[in-house]
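Have a look at the structure below, then the notes.
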Amino acid sequence: MTRTLRRLSLVIVLALLGGRLSPALPSAGGLEAVVKDDKGRPVADAVVSVTSSTPAAGTRRSMPAIMDQQNKEFVPYVLPVLAGTAVSFPNRDNIRHHVYSFSPAKRFELPLYIGTPAAPVVFDKPGVVVLGCNIHDWMVGYIYVLDTPYFGKTGDDGTVRLADVPAGSYEVRLWHPRLRADSQTTARSVTITAGEPGRLEFAVALKREWRAPRRPGYEGAQGG
């Protein structure tokens, strides 16, 4: 056998071994979830998440997120994030806000300010974080911290589509700020298959929404 043929044979063998030894990556699939209330109306701002008892290798990293303050409101109203996410709280109003949360999942306080605080807030514990403003009582927002990277939030049509979920068996849960039952009661089992998007429909009962009355033109204390 010539030297050239030996080299070619060695390359082929190494390529075959590499193919055998490389771990097979799970094929990805998707899931579409539709959320409606008990009267059949679409529900916006519902967080749908999928979890597995055997998480796939190479889980996604958290990405920075933003909770705005615009026109004396938190925007978005609901912000789902992966545990470990750093969230910035820019105040885009021309008055000061005082952002805080007393929720067990994350207690923090950002005293009166305009613009963007120097350091974001890291949400490292799964759970619901209710946001408020010490100056404007009607300002309420939610950060929902998850321990799974596969989640999404419904739009005005009550629909959310999750992509790039590794094929396998999962538990799907739903959360919404006005959900009457605990999110655990919404648990559904689903098998996600590569190339074949799954579909689930949820019908949930919601509490009546109530917020402190908004006071038009109210600037609050100390220029807030």
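So what is the relative contact order of segment 61-148, in percent, for Cα pairs below 8 Å that sit 6 or more residues apart?
Computed value for segment 61-148: 33 percent relative contact order.
Show the residues, 5+ positions off or on another chain, whose built amide H is closer than 5 Å to the amide H of THR85.
PHE123
Going by how many other Cβ atoms sit within 10 Å of their own, how do THR185, THR154, THR51, THR148 line up, fewest first?
So the ranking, lowest neighbour count to highest, is THR185, THR51, THR148, THR154.
Near the amide H of VAL75, under 5 Å away, which other amide H atoms are found, from residues 5 or more places off or on another chain, if H is placed in the peptide plane?
ASP68, GLN69, GLN70
With each pseudo-label sitting 7 Å past Cα toward Cβ, what's the ALA28-ALA86 distance in nm, one decimal?
My value for the distance between the label points is 2.5 nm.
Which order results if VAL87, VAL75, VAL43 are arranged by neighbouring Cβ count within 10 Å, fewest first? Before the final figure, lay out the partial values.
Values: VAL87 19, VAL75 13, VAL43 22.
In order of increasing Cβ crowding within 10 Å: VAL75, VAL87, VAL43.
Using only the C-alpha atoms of segment 132-195, find the volume of their convex hull and express it per residue in Å³.
Expressed per residue, the convex hull around the Cα atoms of segment 132-195 is 131 Å³.
So what J values fall out for segment 146-159 if you push phi through Karplus, 6.51 cos²θ - 1.76 cosθ + 1.60 with θ = phi - 60°, rounded to Hz, Gly and Pro as x?
Those phi angles translate into 10, 9, 10, x, 9, 7, x, 10, 5, x, 4, 8, x, 10 Hz.
For the pair TRP210/ARG180, report the inter-label distance in nm, with labels modelled 7 Å from Cα in the Cβ direction.
Taking the two extended label points, one gets 1.6 nm.
Considering all projection directions equally, how large on average is the shadow of the alpha-carbon convex hull of segment 61-148, in square nanometres? Let's see the in-between values first.
Numbers: hull surface 19.9 nm².
Taking a quarter of the hull surface, the average projection is 5.0 nm².
Treat the count of other C-beta atoms within 10 Å as a stand-in for reagent exposure and order ASP124, ASP37 from fewest to most.
ASP124, ASP37
Read-outs throughout are calculated quantities, based only on the coordinates presented, and are distinct from any laboratory measurement. Quick caveat, the model's predicted, so the values are computed rather than measured. Because the Cβ atoms are built from the backbone with ideal geometry, glycine has one as well, and the counts that use them run over all protein chains shown.
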